[in-house]
Amino acid sequence: MTASAARSVETASAPAPDGSPLLSVRGLRTTVTTGGETFDVVRDLSLDIYPNEIMCLVGESGCGKSITALSIMRLLPTPPVRVREGEILFKGRDLLRLKNRRMRRLRSDSISMIFQDPLTSLDPVFTVGDVIAEVIRSHRKVKGSEARRMAGEVLTKVGLPDPITRLDSYPHELSGGMRQRVMIAMALVLDPDILIADEPTTALDVTVQAQILDQLINEQRRRNMSMLLITHDLAVVAAVADRVAVMYAGEIVEEAPVDELFENPRHPYTQGLLRALPQVSIKRERLVPIPGLVPPPQLMPPGCRFAPRCSYAVDRCWTEHPELADDPEGRTFRCFNPQPFTA
Ligand SMILES: Nc1ncnc2c1ncn2[C@@H]1O[C@H](COP(=O)(O)OP(=O)(O)O)[C@@H](O)[C@H]1O
Ligand SMILES: [Mg+2]
């Protein structure tokens with residue numbers, strides 16, 4: 001990004017790394033249309049991801065995390081889901097304005113994505129070697145033998161056992177963990193600048209989750225790659241994030257460097273997520289779940305979207321919609337009545 005382009009981009013006011021962001025989402029609004037009506041699933045979402053950092057996007061299921069990721073990648077199922085407003089600036093260029101062909105070229109090469117479910121995203125009729133070679137050869141002019149060598153190399157790096165033999169395996173011959181390693185290999189093989197990982201280990205056995213996440217983070221560091229890691233697991237966030245954005249009902253409700261978020265969460269929703277975390281709740285000897293559910297897009301409360309589940313809601317919270325704003329201490333959150341955090 002040029003210096004002037006960097007200056008023209010309004011950066012998030014939460015303390016952030018120096019320099020300009022690699023990816024900057026500005027005012028994203030994404031809608032879903034059902035039964036002739038259109039509802040926001042993501043609203044007023046801005047997010048900056050800087051070189052080499054891991055930004056975590058957290059929130060319960062249904063908050064709009066995947067829709068945010070798919071909006072960035074331009075892989076939304078349109079219709080019914082569609083980006084309506086905003087910019088997605090990658091190195092200063094708005095991805096939403098690129099021709100489809102340019103966007104295809106950027107995917108895998110500059111920005112790549114790993115999905116939650118490795119079973120549905122691998123074509124059963126191709127071998128592991130075929131699918132990785134296909135990613136390589138659709139972007140680089142290399143011979144088949146060279147693509148195969150690169151595929152073997154990347155599979156070794158992501159910790160697939162017997163990587164060279166596995167080049168000739170079909171997806172059904174692999175365990176869930178192995179399939180996810182193949183997906184990670186596909187996402188990394190072209191050395192992207194940024195990786196979007198949408199709940200990359202959620203579908204796997206607990207025992208392999210930590211291993212795979214560990215390997216993924218190692219690769220992120222080794223490659224100096226940026227990462228947008230989507231998860232509903234705050235223990236994962238505590239372990240790997242540099243900065244965190246908390247999402248609720250289609251909006252970011254708090255954003256902070258990871259230490260600040262865990263030491264002193266400001267939004268009642270963030271506080272609720274933390275109280276539901278075993279390590280934080282240890283003193284009370286029980287987990288405290290957040291009562292109620294994330295509202296569906298059709299039933300968004302008119303005021304604060306979290307008000308129906310919030311024990312601190314005051315009159316204003318039911319009628320007025322809070323904006324994401326900075327408090328005098330420089331903390332960024334969306335709340336009219338913030339309270340000190342008590343575990
Ligand atoms: N293809 C779709 N059609 C209709 N609604 C959808 C579609 N995809 C997602 N949604 C809705 O958008 C909201 C956000 O979904 P999603 O981004 O998948 O949440 P998360 O990833 O945080 O669990 C949910 O209410 C979900 O029901
Ligand atoms: Mg999701």
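Throughout, read-outs are computed from the coordinates displayed, never taken from laboratory work. Owing to the predicted nature of the structure, the values given are computational and were not obtained by experimental measurement. We place every Cβ from the backbone using ideal geometry, glycine too, and count neighbours over all the protein chains shown.
Which of Val258, Val208, Val41 ends up with the largest GNM mean-square fluctuation for the chain, with Cα atoms connected below 10 Å?
Val208
Once amide H atoms are placed 1.01 Å from N in the peptide plane, what residues at a sequence separation of 5 or more from Ile114, or on another chain, have their amide H within under 5 Å of its amide H?
When sequence neighbours closer than 5 places are left aside, the close amide H contacts are Ile196, Ala197, Asp198.
Can you report the principal axis dimensions of segment 43-106 using only the alpha carbons, biggest first, rounded to whole angstrom?
The Cα atoms of segment 43-106 stretch 34, 34, 19 Å along their principal axes.
Taking every alpha carbon pair in the chain, what does the distance histogram look like in 10 angstrom bins from 0, in percent?
For the chain, the binned pair fractions read 5, 24, 32, 25, 11, 3, 0 percent.
When the helix-only estimate is applied to the chain (DSSP H runs of n ≥ 4, each -39,500 (n - 2.57), divided by the residue count), what is the mean residue ellipticity at 222 nm, nearest 500 deg cm²/dmol? Display every interim value, and only then the final one.
On the way: 13 runs with 111 residues, N = 343.
The helix contribution divided over the chain gives -9000 deg cm²/dmol.
Just to compare against my own numbers: the Cα pair-distance distribution for segment 44-199, 10 Å bins, whole % per bin, please.
10, 37, 34, 17, 2
Return the whole-Å distance between the Cα centroid of segment 221-247 and the Cα centroid of segment 58-105.
When both Cα centres are located, 19 Å separates them.
For a quick check: with amide H placed at 1.01 Å from N, whose amide H comes under 5 Å from Cys56's, ignoring anything fewer than 5 positions away on the same chain?
Leu229, Asp242, Arg243, Val244, Ala245
Peptides 47-60, 220-233: what's the order by average Cβ count within 10 Å, highest mean first?
By packing density, highest mean first, the sequence is 47-60, 220-233.
In percent, what relative contact order does the chain have, based on Cα pairs under 8 Å that are 6 or more apart in sequence? Intermediate values should be presented prior to the final figure.
Numbers: 631 pairs, mean separation 68.8, N = 343.
Relative contact order comes out at 20 percent.
Find which of Ser71, Gln116, Leu57 sits farthest along the positive direction of the dipole of segment 13-119, computed with +1 on the beta-carbon of Lys and Arg, -1 on that of Asp and Glu, about the Cα centre.
Farthest towards the positive pole: Ser71.
Run the Debye formula on the Cα coordinates of segment 178-238, all scatterers equal and no solvent, and tell me log10 I(q)/I(0) at q = 0.22 1/Å.
Taking Cα atoms of segment 178-238 as identical point scatterers yields -0.92.
Treating each Cα of segment 216-343 as an identical point scatterer and ignoring solvent, apply the Debye formula and state log10 I(q)/I(0) at q = 0.09, 0.14 Å⁻¹.
Those come out to -0.28, -0.66, one per q.
Explain nothing, just compute: Karplus ³J(HN,Hα) = 6.51 cos²θ - 1.76 cosθ + 1.60, θ = phi - 60°, for every residue of segment 304-317 in order, whole Hz, x for Gly and Pro.
5, 5, 8, 3, x, 10, 9, 7, 9, 5, 10, 3, 4, 5
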